[in-house]
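Please read the structure below before turning to the comments.
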Amino acid sequence: MRTLAPWLLLDVGNTAIKWRLADEHGLLEPGGIAADLKVLQEELRDVTWQRVAVSSVATDEFDASLCASLKPCMPRRCGLRWPMPVAVI
């Protein structure tokens, strides 16, 4: 059986973006808190993930920027292609 990379969970608030990884067994090690999209990209640079789920209270414009900012740090080694599935809830 093949082990899949974990999901990237994002909680976009008014002042920070919190992130964490999870798999079929639950939450994994602590993630991080990014003050902006540039910091988030830097924090995710070496993180392996296969899908992303977003909970956001930000504007539609910010959410669009968030989705676009994930493209450069998308895990190519997971065999995914852009656009990748993103759920904004």
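No lab work stands behind these numbers, since they all come straight from the coordinates. Keep in mind that what you see is a predicted model, and the values were worked out from it rather than measured. Note that we place each Cβ from the backbone using ideal geometry, even for glycine, and neighbour counts take in every protein chain shown.
Worth a mention:
- Relative exposure of S69, S55, judged by other C-beta atoms within 10 Å (fewest first): S55, S69
- Along each principal axis, taking the top coordinate minus the bottom one, the Cα set of the range 14-54 gives 29, 21, 17 Å in descending order.
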